[in-house]
1. Filter the stretch A:462-504 for residues that are open to solvent by 60 Å² or more (accessible area, probe 1.4 Å) and over 21 Å from residue A:158 (Cα atoms) and give the result.
2. State whether one or more residues within the stretch A:741-750 are within 11 Å of RNA strand B (Cβ to nearest atom), modelled with pLDDT of 85 or more and in contact with an Asp or Glu (Cβ under 9 Å, 6 or more places away or on another chain).
3. Can you tell me which condition residue A:178 does not meet? The list is (1) within 23 Å of residue A:418 (Cα to Cα); (2) open to solvent by less than 70 Å² (accessible area, probe 1.4 Å), and all the others hold.
4. In this structure, is residue A:508 within 24 Å of residue A:33 (Cβ to Cβ) and crowded, with 23+ Cβ neighbours inside 10 Å?
5. For the stretch A:664-684, state whether one or more residues are polar (S, T, N, Q) and more than 16 Å from RNA strand B (Cβ to nearest atom).
6. How many residues are among the charged types (D, E, K, R) and without any contact (Cβ under 8 Å) to a residue 40 or more places away in the chain if we restrict to the stretch A:467-505?
7. Specify which of the listed residues (A:612, A:628) is assigned to a loop (DSSP other than H, G, I, E, B), closer than 24 Å to residue A:47 by Cα, within 10 Å of RNA strand B (Cβ to nearest atom) and open to solvent by less than 20 Å² (accessible area, probe 1.4 Å).
8. Kindly list the number of the only condition in (1) within 10 Å of RNA strand B (Cβ to nearest atom); (2) farther than 24 Å from residue A:732 by Cα; (3) free of Cβ contacts under 8 Å to residues at least 60 places away in the same chain; (4) open to solvent by 30 Å² or more (accessible area, probe 1.4 Å) that fails for residue A:576.
Amino acid sequence: MAYPFSEIEERWQKYWQGHKVFNVGPEPGRKKYYLLEMFPYPSGKIHMGHVRNYTIADAYTRYKWMRGYNVMHPMGFDAFGQPAENAAIKNKTKPDIWTHKCIEWMKKELCRMGFSYDWDRELSTCESGYYRWNQWIFLKMFEKGLAYKKGSDVNWCPSCETTLANEEVVNGGCWRCGTQVEQKDLEQWFLKITAYKERLLDDLKELNDWPRRVIAMQNNWIGKSEGVDIYFRLKDSDKGISVFTTRADTIFGATYIVLAPEHPFIKDMIRGRPQEKEALNFIDKVSRQNKAVRSSEDVKKEGVFTGCYCVNPVNNEIIPIWIADYVLMEYGTGAIMAVPTHDQRDFLFAKEHKLPMKVVISPEGRDTISAAKISEAYEGDGIQVNSGQFNGLPNQEAKAKIAAWMEEKGIGKIQTRWRLRDWLISRQRYWGTPIPIIYCDKCGIVPVPYDDLPVELPKDAPFTGEGGSPLSKVKEFVDVPCPECNAPARRETDTMATFFDSSWYFLRFCSPSFDKGPFDEREAAYWMPVDQYIGGIEHAILHLLYSRFFTKFFNDLGMISFKEPFRKLLTQGMVLKDGEVMSKSRGNIVDPDSIIRKCGADTLRLYILFAAPPETEMEWSERGIEGAFRFLNRVWRLADNVKGNKGERSAALEKKTHSVIKEATQDIEGFKFNTAIAQIMELVNEIYQNLDSDITEAVHTVVRLISPFTPHLAEEMWLRLGNKESILSSPWPEYEEKMLEDKVITIIVQVNGKLRFKINASSGISTEKLKELALADERMAPWIKERQVRNIIVVPGKLVNIVV
RNA sequence: GCCGGGAUGGCGAAAUUGGCAAACGCACGGGACUUAAAAUCCCGCGGCCGCAAGGCCUUGUGGGUUCAAUUCCCUCUCCCGGCACCA
């Protein structure tokens, strides 16, 4: 008979909530611990990804709790966003009503998992009590020149009918729906995240407890590259073209330069030349080409000669100027110097168009390589040749010297280029935070005064999903007097990207109902930074980069003293079914609710922690669930075995108990829940082997060790074992080192590094004695009979290795 | 191409500093209990040879360092993720 999990789980969930067990406040003298998982979008149902994320967090919360920490573990909802609009259209309701209903459902599901949240801190980003502080932060940024409006080519998702940030474009598609992103020239609001680029990059070095790949991804995204801008004067003109290069050491080998077809200089430069028509045709052709096609690898690089020449500033050689589609206007200066001998793309282009080549770096250090003979560019390191006064230097050394020399002579400038662009935050959607800006014909762009916040989002908007900002159709919202001159003016009708909301919610949790600012600085000083953050890898750049940016901004305002929001980060792996991500479209979803009904939340929690380490992907297995359930029943039955147990103490069981405490505790501390659970299983097995002995202490230990994973079962068993209080108020079990010591130890005997047999010896045995013992063993005889012992290695307490 | 991660039984996985490869679980096989089944409890379970004792092989590939390598170094292959006509 299975244990009565549903009755137990219901009872303890009521207890934890009724007694507000996990509600906390600052307590001087007690170590704080702020544990946070990425808050969910309220879609109504939780999925296995949520279950995994929150179970990992909950197990750790309960563990830290029992270790005596003052643990803050809040939960809230990232409640603005497009799905609410889509659902509202589909179900003929309002996003507001739909969202609140979803939050209710979701909360219920979270409670049914037995998660340990401080629900008094619950927040939802769609409440004006929250988003008014989005507006406040926006205004502060506006004041500091960090929020600005500009017209430019921006990413546009035709399906979502809104603009997107660069970070929201994944492989050329919209991160949400996958639709190919288009470019549109629009006036939009941006946040100047680039003002923080150096700090966002440098401080990555301090994040030692973040996964390496997240650091690597942010590094790539910020994309610092150091090089030189070199100025090439046009022949017979005082104008010139700047090119950017990271290979200043190859400048003496530059035999032509290439401009991007969009380069603004071209039209003036080629006017009236015989090549003009051909060049304009080429530019026109490229401009009509799809960007993805143009950048694909198998498309042949094309180009035309402009008829113009410029001067290589280091050796005054006259070199031709070309236009080619493989040079991009968006990167560097939109112009490159071509060194066909040391860059493969330049090499192929030069071959095709019969352009000259010159070797300037030689792996052998001698000027013996003929440019005419090489079959590919040499991109490695070597010694400078054909490079004037720099001949003979290793190229890496020459790179710095040439750059400095060019800068001194005024023909180049050392430059750092970044990939990171400012963050576009305007969205042409309804369900988001209104941007607190008013447009006045006389006064221009006017910020809403702080006292007028919040700018409330109208509950009703005729949003139809047919394009255009829905708020622009709400007359009462749009028409407003100018705060400065009182003349009729118009409100901004775009809303903020929802990533704005989630960029600082971890601070709001410290004082969720504070009404004098986004957060109470004293509370934040106590709780922040987040000690452990847990969430999905999909936010490696987006949310985690933005949150770091906001934190640095608050630091600049003097509101907080730390620079990084999340001390430790754990990115949990995905839950797969048949090798694929669970998703509605694939139809391979396993509903957590069905598992809870069948086996209980504890079984689900245990299984999901046991199946794989938290960071790796895990494959869903129905058999695994059954195994976890079987194990919990096995644990449950132990309580009956304890009753009336009158056996003697068992040394073996006691030793196992203490070693399991030690190992399991270490494992939990390092989030290795799978092996921690394996340890507990071993102890349970050991108890079953010793049912005739006194098992009381061992069973108590099992219940306490397993309580972070299966809290309902543990609480119930704890009472049944005769304890009066919740297991949460019992301390974490401690082990005694002396219980782990053996009087008799097993020594491994190897011959030539391979295990041959084992011998027992007393723990204090000397090295010499051990050697003798091993050599004297009858099982050693065949090995040393006809061979000579060359060496004997002894690792005290562990092994003897005889080398013959 | 650059950066980061990875490859261990039929499967999920484990292995302190280099020191018993495969803990724990799943699946599978056998036994006990039962009229029977389920449940439960116990035993076995990398491959090859052997009646057995035991031996040989085995952590993606090839090499190296070492008394000893899943672990350290080098080479290559494949897989996952990020960036990229990035100059």
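1. To start, the set of residues in the stretch A:462-504 that are open to solvent by 60 Å² or more (accessible area, probe 1.4 Å) comprises A:462, A:464, A:466, A:472-473, A:475-476, A:479, A:481, A:484, A:486, A:488, A:490.
Result: A:475, A:476, A:479, A:481, A:484, A:486, A:488, A:490.
2. Among the residues of the stretch A:741-750, at least one is within 11 Å of RNA strand B (Cβ to nearest atom), modelled with pLDDT of 85 or more and in contact with an Asp or Glu (Cβ under 9 Å, 6 or more places away or on another chain), which makes the answer yes.
3. Only one criterion in (1) within 23 Å of residue A:418 (Cα to Cα); (2) open to solvent by less than 70 Å² (accessible area, probe 1.4 Å) is unmet by residue A:178, namely (1).
4. Details: within 24 Å of residue A:33 (Cβ to Cβ): yes; crowded, with 23+ Cβ neighbours inside 10 Å: yes.
Criteria met by residue A:508.
5. The initial filter retains those residues of the stretch A:664-684 that are polar (S, T, N, Q), namely A:665-666, A:674-675, A:679.
Next, only the ones that are more than 16 Å from RNA strand B (Cβ to nearest atom) stay: none.
The answer is no, given that none of the residues of the stretch A:664-684 is polar (S, T, N, Q) and more than 16 Å from RNA strand B (Cβ to nearest atom).
6. First, pick out the residues of the stretch A:467-505 that are among the charged types (D, E, K, R): A:473, A:475-476, A:479, A:484, A:490-492, A:494, A:501.
In the following step, the residues that additionally are without any contact (Cβ under 8 Å) to a residue 40 or more places away in the chain were identified as A:473, A:475-476, A:479.
Of the residues in the stretch A:467-505, 4 are among the charged types (D, E, K, R) and without any contact (Cβ under 8 Å) to a residue 40 or more places away in the chain.
7. Values: A:628 fails: assigned to a loop (DSSP other than H, G, I, E, B).
Step by step, each of A:612, A:628 is checked, and only A:612 is assigned to a loop (DSSP other than H, G, I, E, B), closer than 24 Å to residue A:47 by Cα, within 10 Å of RNA strand B (Cβ to nearest atom) and open to solvent by less than 20 Å² (accessible area, probe 1.4 Å).
8. Here residue A:576 meets the rest and fails (4).
The values are calculated or read from the model by the stated rules, or taken from the named source; none is laboratory data. All figures in this text were calculated on a predicted structure; none of them were measured in a lab. Using ideal geometry, Cβ is built from the backbone for each residue, glycine included, and neighbour counts are taken over all protein chains shown. Surface areas here come from the heavy atoms of the whole protein model, side chains and all, with no ligands, DNA or RNA. Shrake-Rupley method; radii C 1.70, N 1.55, O 1.52, S 1.80 Å.
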